[in-house]
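Have a look at the structure below, then the notes.
The values are calculated or read from the model by the stated rules, or taken from the named source; none is laboratory data. Since we're looking at a predicted model, the values are computed, not measured. All Cβ positions, even for glycine, are placed from backbone atoms using ideal geometry, and neighbour counts span all protein chains on display.
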Amino acid sequence: MADAHDLAPDERRELLRIARATLREFADSGRIPPGKPHRASLVAPAIVTVALTEGGREVARATTPEARPLYRGIQEQLVAAAKAAGGPIDDDRLDELVIAIEIATAGAPVHFAESPRAT
């Protein structure tokens, strides 16, 4: 049986899209955007870590204390990391921040990240 977190490339892209939208919404309004994905793999319980890097250097990291729906854990920990990153997150800084996600599994953790944005 496949692990619930054996994510296809399009599922990883969707989680990164959710993460980027969350970061933008949090920067604009201080809130997490509403809604949830329909794919079972994206709402399966998981312990996740989200890291933010800026200029190739990690500036913040946050981990769920317990399993949460995957997409929601990413959103919540992204907000926690954004708060810990220090300083305001304006549009210019949003473009500099790169999001990385790690999902704890029974085997090796699953890692994936955005590609750094061209400047």
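Structural remarks
- Here A44, A60 are screened, and the one residue that is surrounded by 15 or more Cβ atoms within 10 Å (Cβ to Cβ), of a type outside the set (K, R) and over 19 Å from V110 (Cβ atoms) is A60.
- Of everything in segment 70-95 that is modelled with pLDDT under 90 and of a type in the set (D, E, K, R), the residue that is surrounded by the most Cβ atoms within 10 Å (Cβ to Cβ) is R93.
- Top-ranked residue of segment 61-76 - restricted to ones that are part of a helix (DSSP H, G or I) and under 12 Å from I103 (Cβ atoms), ranked as nearest to the chain's Cα centre (by Cα): I74
This table checks each residue for (1) under 23 Å from I89 (Cα atoms); (2) at pLDDT 95 or above; (3) in a strand (DSSP E or B).
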site	(1), (2), (3)
L7	no, no, no
L23	yes, no, no
R31	yes, no, no
T49	yes, yes, yes
V59	yes, no, yes
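- Residues in segment 84-115 that are out of contact with any helix residue (DSSP H, G or I) (no Cβ under 9 Å at 6 or more places or on another chain) and either over 23 Å from D10 (Cβ atoms) or in a loop (DSSP other than H, G, I, E, B) (or both): A84, G86, D92, D95, E96, A104, T105, A106, G107, A108, P109, S115.
- Condition met for R61 (within 15 Å of R17 (Cβ to Cβ) and of a type in the set (K, R)): no
- Filtered residues of segment 33-47 (kept if in a helix (DSSP H, G or I) and touching a strand residue (DSSP E or B) at 6+ places or on another chain (Cβ under 9 Å)): L42, V43
- For segment 71-119, taking the residues that are hydroxyl-bearing (S, T, Y) and out of contact with any Asp or Glu (no Cβ under 6 Å at 6 or more places or on another chain), the one that is farthest from G55 (Cα to Cα) is identified as Y71.
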